[in-house]
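Here's the structure, in structure tokens; my notes come after.
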Amino acid sequence: MTVTGSSFTNNTSGTGGGINSDVGPAVISGTTFYANSASDKGGGVLNGSGVLSLVDSTFAINSAGNRGGGLYAAGAVSVDRSMFLLNSSTSHQGGGILVYDALTATNTTLVSNFASNDTGGAINNWGRLIANSLTLDGNSATAGGNIFNNNSYGTSQLRNTIVANAAGGGNCFGTIMSQGNNLDSGNTCGFAGTGDIVNTDPKLGSLQDNGGWTLTEALAADSPAIDRGGGCPAVDQRGVARPQGAGCDIGAYESVPPPTATATPTLTSTRTPTATSTATPTNTQTPTPTATGTATATSTATATSTPSPTPSPVSTVVPETGGSLTFTASTTTTVSFPDGAVSQPVTLTYSLGDAANAGASFRAVGSSFVITAVDAGGNAVTQFNRSFTITVSYSDADVVGTDESTLKIYFWNTTTSAWDEVPTVVDAANNTLTATLDHLTRFALLGQPSVRKLFLPAVLRAYVPAW
Ligand SMILES: [Ca+2]
């Protein structure tokens, strides 16, 4: 059976809501499974004992009463360059995929799938799972929100895969065998292979059309997944050639660096003019997807950690009248000291720090920043006689992907090596945050990620095939 460029929508069955492929072989490409359901196994697709190859396909909001909301993979199944969104299994395992025999999964993104009463929100493995370059984000289950390995029957091998932001059940449960270059936003997957990264926010963008056949989550410019991959496939989920930049990227998406300014040719060379290599830019964008429209809420404008060479602003605070300092980067920060805050004149300096690594459950808005004060003798002043205020104003673009109501100013606690919240007044109408403080240190603006599902209806609407 060969299925190409098709849509299966709103079908129901006992097993295999969209397609039940029993003995195979079957090849399914460029096909969307949307809102299909099975009362038993395989809401979108059930594969029996044969070979099934799935390529460039989308599984969205399919459901199974029993196991495998998107895909029930018995037999030998391969999934490549595909996307699973909001599939669910309501009473048993495997919201996105249940692996019964063998699954090879490559360059695939699984987002917000869930097994609300059992294990394995995105993938539940009873067999042999070989995964390379997946992005698993925000899936949930009672255990193993992103991946659950059933240790009695299954082995899971992961390479170059992002396992992030489980919305329930932790990122992993069971034994996961790392083949290297995986990234866990927490530390439940036991990643200890070469190039593995744990407890690190991969800085994923919202699920959207970034080219290719299926939706993807781009990496922020300062994502720690960029160029940290290994053993990557030749292309990414979209078909973009890997590697781009200094190395391939972890996960399903390969970030294409902005073109670097070409060096101005010097005209003084006395060498024989060899034909200079003009690197022809290979157009790596793959086949235009069907216009899926509007989901253009691009990723947050995270200020890069290397600020443009603006001079650090300096200001003076004096005992009689106080003083203030304003600096604009991606956000505008004003620090105001009242009179009497200092006993002698001090000089304030504002400098941008690194992008705050805020962990899995928070997002940083802009870079962290450091405000220092020194007295006339050059001694650091960190404590003040009166409290002072910091006001940060931000743009709506700065907080895309962040729940604005949770925004707070945080300071870096050097004793606990953690960000501590400062009581902050949020004025979401005017996009300002104000906090009252008594000491200077490194600060950052952090907020919880907006519930990404809020964006999903728009994405889903854009993705619904015309019927
Ligand atoms: Ca790269």
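The values are calculated or read from the model by the stated rules, or taken from the named source; none is laboratory data. Note that the structure is predicted; figures quoted are calculated from it, not measured. Neighbour counts are summed over all protein chains in view; Cβ atoms, including those assigned to glycine, are modelled from backbone coordinates with ideal geometry.
One table, with the values for the structure above:
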| item | result |
| --- | --- |
| Unmet requirement for Ala435, which otherwise passes all of (1) in contact (Cβ under 8 Å) with a residue 12 or more places away in the chain; (2) more than 19 Å from Tyr350 (Cα to Cα) | (2) |
| Residue, nearest to Asn165 (Cα to Cα), within the stretch 107-128, restricted to residues that are part of a loop (DSSP other than H, G, I, E, B) and out of contact with any Pro (no Cβ under 9 Å at 6 or more places or on another chain) | Ser112 |
| Condition check for Ser91: polar (S, T, N, Q), in the same structural domain as Ser152 (by TED's automatic domain parsing) and part of a strand (DSSP E or B) | no |
| Hits in the stretch 423-443 - residues which are modelled with pLDDT of 80 or more and touching a Phe, Trp or Tyr at 6+ places or on another chain (Cβ under 6 Å) | Asn431 |
| Qualifying residue in the stretch 380-401 (condition: at pLDDT below 75 and more than 24 Å from Asp201 (Cα to Cα)) | no |
| Evaluation of Asn47 against (1) more than 29 Å from the chain's Cα centre (by Cα); (2) surrounded by fewer than 19 Cβ atoms within 10 Å (Cβ to Cβ) (one fails), failing number | (2) |
| Residue match in the stretch 303-315 (condition: farther than 30 Å from Pro202 by Cβ, crowded, with 16+ Cβ neighbours inside 10 Å and at pLDDT 60 or above) | yes |
| Residue check, Ile250 closer than 23 Å to Asp56 by Cβ, of a type in the set (A, V, I, L, M, F, W, C), within 11 Å of the ligand (Cβ to nearest atom) and in contact with a Ser or Thr (Cβ under 9 Å, 6 or more places away or on another chain) | yes |
| One residue from Thr200, Thr194 being under 17 Å from the mean Cα position of the chain (by Cα) and among the β-branched types (Val, Ile, Thr) | Thr200 |
| In the stretch 164-203, the residues that are closer than 18 Å to Asp118 by Cα and of a type in the set (Ser, Thr, Tyr) | Thr175, Thr188 |
| Near pairs, Cβ below 7 angstrom, 6+ apart or cross-chain, from the stretch 236-252 (β-branched (Val, Ile, Thr)) to any residue that is not in a loop (DSSP other than H, G, I, E, B) | Ile250/Ile162; Ile250/Leu183 |
| Members of the stretch 27-41 found to be hydrophobic (A, V, I, L, M, F, W, C) and buried (at least 19 other Cβ atoms within 10 Å of the Cβ), listed by number | Ile28, Phe33, Ala35, Ala38 |
| Verdict on Ser255 being of a type in the set (Gly, Ala, Ser), under 18 Å from the mean Cα position of the chain (by Cα) and near the ligand (Cβ under 7 Å from one of its atoms) | yes |
| Members of the stretch 206-219 found to be in contact with a Lys or Arg (Cβ under 9 Å, 6 or more places away or on another chain) and either within 18 Å of Ala131 (Cβ to Cβ) or within 13 Å of the ligand (Cβ to nearest atom) (or both), listed by number | Thr214, Thr216, Leu219 |
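Table: residues versus (1) under 15 Å from Pro202 (Cα atoms); (2) at pLDDT 95 or above; (3) outside any strand (DSSP E or B).
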| position | (1), (2), (3) |
| --- | --- |
| Ile130 | no, yes, no |
| Leu136 | yes, yes, no |
| Phe148 | no, yes, no |
| Tyr153 | no, yes, yes |
| Leu158 | no, yes, no |
| Val163 | yes, yes, no |
| Gly170 | no, yes, yes |
